[in-house]
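The structure appears below as structure tokens.
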Amino acid sequence: MRAKIMAISCTVLTLAGWHGASMCSGQTTDPPQGKNLAQLATSSASYTSGDTTLAALNDGRELRNSREQPHNAYGNWPRRGTQWVEYRWAKPISTNRVEVYWWADGRGVAEPKACRLLAWDGQQYAPVRGAEQIGVQRDQYNRADFQQVSSDRLRLEFDSDDSGHSTGILEWRVFDTGDSPELPPIVTGDVDRIVMLGGKTYLEGSVKTLSDDPPTVAWRKKSGPGEVQFADAASLSTSATFSEVGEYVLELAAGKPDAMNTAEVAVRVEQPPTEPPLGVVYTKRYEIDSPLWNHRAKAIITRWIPHCIDRINRPDLEEGGINNFLDAAKKLAGEPAHAHRGYVFSNAWVHQTVESMCIALMVDPQGDEEIIAAQQMMEVTLEDWIPKILAAQEPDGYLQTAFTLNDRMHRWTPGNRTGHEGYVAGYFLESAINHYTLTNGTDLRLYNAAKKLADCWVANIGPEPGKRPWYDEHQELEQALVRFGRFVNDMEGDGAGDNYIALAKFLLDNRGGGAEYDQSHRPVQQQYEAVGHAVRAVYSYSAMADVATETGDLDYRSAVMSLWDNIVNRKYYLTGGIGSGETSEGFGEDFSLPNRGYCESCSSCGEIFFQYKLHLSYHDAKYVDLYEETFYNALLGSLELSGSNFYYQNPLTEASPRYPWHVCPCCVGNIPRTLLMLPTWTYTTDGEGVYVNLYIGGTTQIEGVGGGLELVQQTDYPWSGNVKLLVNPSEPTTMKIRLRSPSRSVSELYQSTPQADGVIAVKVNGQAVEADTRGGYVVIDRTWQRGDEIELTLPMTPQRVKCDLRVAANRGRVALRYGPLVYSIETVDGNNLDGLLPPDAEITTEWRPDLLGGVTVIKSQFADGTPLLAVPNYARNNRQPQQGRNRSIVWIRDQ
């Protein structure tokens, strides 16, 4: 309810001075008269494109020219013809001058060919004489002077040009004649949020007023089950604590008795988790036995990772690869060296690919000659790369070739905050974990080098005397430090990794006073809305979730759960992708989810990390439901079925094929390392047993449960809901096995029908057992012996998905789902992407072994009787028609 404004209403009574003559209609050359009343208006429009905002109309930005970014503009692309924007005030205002600054982005938006001003006369909008032809020049304010009018509503109408452009506005000012009444201020509370009982929530209200006297402000509890204590109820910036769990509404009031406004903040108070976090199942050697995953893993191992290796090995790779490590080693040895190549963070895709190779080598090839050959090549590559990478590590452990090769770049200095020192360091730490598990700790080269690097950071960054404060612009190191610290603790014990976890918290604690782009705009404990660059955001939130789990810090927990709620219930695509791209590779406003959105592959990886960390902390299946959604729909489809090409972005409407590389190849190693870490995503443990999170056929060895446990899944899920689980403990073991009972509509943004949640039946050794479901898991508690068998039946039926009406892009549209899979329709199958799927049309499924490596398709008919064929979204755009381009969409017209 951040921007919910409860204005004192006022009906327009008069419209004075209506027929004044025009005094000017052009560029402003003298100082404006009066105050800009637009700042206290609420705005609306005939249409607003998803990547722009109405708030730009009256945000008071200083403008240099008409070529602004969309998030700083109002626009109506792709609409053309006559459009309008409107201001409303709580009371009638008096004005005789307006100024308009047009947006022209040099692409689809240009200044209009005509514009005019209208005012509400109590019954209708009527033209304001003298303002029938407001100027339409770009790069300036276009001023219109006219005789005084009084109204509580003004409207600008404008006509697009004859060249097919849409229109937009950067700023629309309305100046006071001096006769306007005192208007109530615009009051903004803060974002809705969640707070842990016993913790506090930090409130940051704001008030916009034209009064010379500061308004009186006051916070109060409007509703809720318990007491609320404000640190300072008369301050815009304050904190609050709560006495009981439940739903609360806080109200901020500001103004004077005759000109008052209020805004509300919804707060949900929850109990923090009390149980210890779940245990990580580290990815070690495992076997895949799944129709879908055998195909996907083979493509990754035999095609994609070797493709990345070939690229990274190129001596002349402009984006930077192994060449940078070779030159850094030369520089450290006192030899002539080439300048650093590519982005400052180009070490990242090398480290990611090292980790991907390590994980790929832990996949049992089961005699497949192509996989065996690829794995042999990877073993040779690791033996080639590891010494080259370690030769570029500086004597004190520091490793970042961009800094080593540039004497003008100094470590941990504000001027080089964009140098991604922590970003590349984090990926190195993570690569060392899977190299250790690959070799079962027999090869410690990367592990010891990673400890040396982490120790270098600990020795230089921290609160102790002689150390410095710091935060990196990209938050990969923060989540890597906790992951690495936990791993070191598990391998060595005695808190050997605690310093790394403490450093992660210190780096996060240093954020504040910066920009939304890198989530440094507020202290992390006071962040409740997902903003800025989406990858940086979810990496940050993943690290915050880790720190909250490790420390129990209630303010961290409150911020993490608020951010989770904001993403999942306001900024989350049906595919599990995040980041609409309306800000730079980042999040837009609540409920702004254009289908051409960004959904970067790296942000899908980060979203999986974030949901997984919350599962560890809360033991709840809903977080697994969400990362399964992202896994199958946003991330899996980033790679072509052949494994030859990929998508950096994953919008829900697509007309271009995948490509082999990218000028910023940050995703190329992130995708395979995340997809292949199947044991980690599939299982977790606690002191009572094991959690079965994903249903993927294969064999996994799980340590730390009894004397050791082998789990064998037999299933073709997601094509059917039949799952068989063979339980093979090394000795009879009493434990709980928890089986995820899926929910297909965790996000409040989407509702699926018919219902297909839960579990149909569970059997143990052929005998039905009652489904005792807790926290989204069916719990089976017994003494298990080798060969015990669990049979699980999940409901699998095609579903229609409808979206929250606040998401403008999906109004009048429906999506199709089957199990965890979201579906697309493509032109290559003869689908009319503008066709209408009637709400009562039958939808059926059919297994097609001949199509896209074997998929279940969804079939129906459009309203005109033509057939509809939908394929899983991960398999979209793997075929091209003989003529033209293939196009795909997720959301289909149904109205």
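The table below lists the values:
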item: Cβ-Cβ under 6 Å pairs, at least 6 apart or on other chains, region 574-590 side within 16 Å of L652 (Cα to Cα), far side modelled with pLDDT under 95 and outside any loop (DSSP other than H, G, I, E, B); result: G579/G586; E582/H71
item: Matching residues in region 450-479 - criterion: being of a type in the set (S, T, N, Q) and crowded, with 20+ Cβ neighbours inside 10 Å; result: Q475, Q479
item: Residue count, region 145-182 (criterion: among the charged types (D, E, K, R) and closer than 23 Å to D258 by Cα); result: 5
item: Close pairs (6 angstrom Cβ cut-off, 6 or more residues apart or separate chains): on the phi < 0 side of the Ramachandran plot and hydroxyl-bearing (S, T, Y) in region 876-895, part of a strand (DSSP E or B) and surrounded by 13 or more Cβ atoms within 10 Å (Cβ to Cβ) anywhere; result: S888/E654; S888/S824; S888/E826
item: Strands (runs of 3 or more DSSP E) wholly inside region 33-120 that include at least 3 residues being touching a Pro at 6+ places or on another chain (Cβ under 9 Å); result: 82-102, 114-120
item: Among the residues listed as L399, L382, L446, L390, the single one being at pLDDT 95 or above, within 24 Å of M491 (Cα to Cα) and touching a Ser or Thr at 6+ places or on another chain (Cβ under 8 Å); result: L446
item: Per-region count, region 381-390, residues open to solvent by less than 50 Å² (accessible area, probe 1.4 Å) and either in contact (Cβ under 8 Å) with a residue 60 or more places away in the chain or more than 16 Å from D443 (Cβ to Cβ) (or both); result: 4
item: Any hit, region 567-579, residues being surrounded by fewer than 21 Cβ atoms within 10 Å (Cβ to Cβ) and outside any loop (DSSP other than H, G, I, E, B); result: yes
item: Given (1) open to solvent by 10 Å² or more (accessible area, probe 1.4 Å); (2) under 30 Å from V245 (Cβ atoms), number of the condition S211 does not satisfy; result: (2)
item: Residues being assigned to a helix (DSSP H, G or I) and either of a type in the set (A, V, I, L, M, F, W, C) or in contact (Cβ under 8 Å) with a residue 12 or more places away in the chain (or both) - total across region 365-380; result: 10
item: Hits in region 509-548 - residues which are assigned to a helix (DSSP H, G or I), among the hydroxyl-bearing types (S, T, Y) and either under 17 Å from W470 (Cβ atoms) or open to solvent by 20 Å² or more (accessible area, probe 1.4 Å) (or both); result: Y517, Y539, S540
item: Any hit, region 222-235, residues being surrounded by 21 or more Cβ atoms within 10 Å (Cβ to Cβ), more than 30 Å from N96 (Cα to Cα), among the small types (G, A, S) and in contact with a strand residue (DSSP E or B) (Cβ under 9 Å, 6 or more places away or on another chain); result: no
item: Criterion violated by H410 - all others in (1) open to solvent by 40 Å² or more (accessible area, probe 1.4 Å); (2) more than 24 Å from R341 (Cα to Cα) satisfied; result: (2)
item: Those strands (runs of 3 or more DSSP E) lying entirely in region 686-790 with at least 2 residues open to solvent by 10 Å² or more (accessible area, probe 1.4 Å) and not polar (S, T, N, Q); result: 709-715, 722-729, 733-740, 761-764, 777-784
item: Test: residue in region 88-104 that is more than 25 Å from T583 (Cα to Cα), open to solvent by 10 Å² or more (accessible area, probe 1.4 Å) and under 35 Å from the mean Cα position of the chain (by Cα); result: yes
item: Near pairs, Cβ below 6 angstrom, 6+ apart or cross-chain, from region 303-328 (hydroxyl-bearing (S, T, Y)) to any residue that is modelled with pLDDT of 95 or more; result: none
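The values are calculated or read from the model by the stated rules, or taken from the named source; none is laboratory data. On a predicted model such as this, the values are computed, not experimentally measured, just so you know. Because the Cβ atoms are built from the backbone with ideal geometry, glycine has one as well, and the counts that use them run over all protein chains shown. Please note that ligands, DNA and RNA were not included when accessible areas were found on the heavy atoms of the full protein model with its side chains. Shrake-Rupley method; radii C 1.70, N 1.55, O 1.52, S 1.80 Å.
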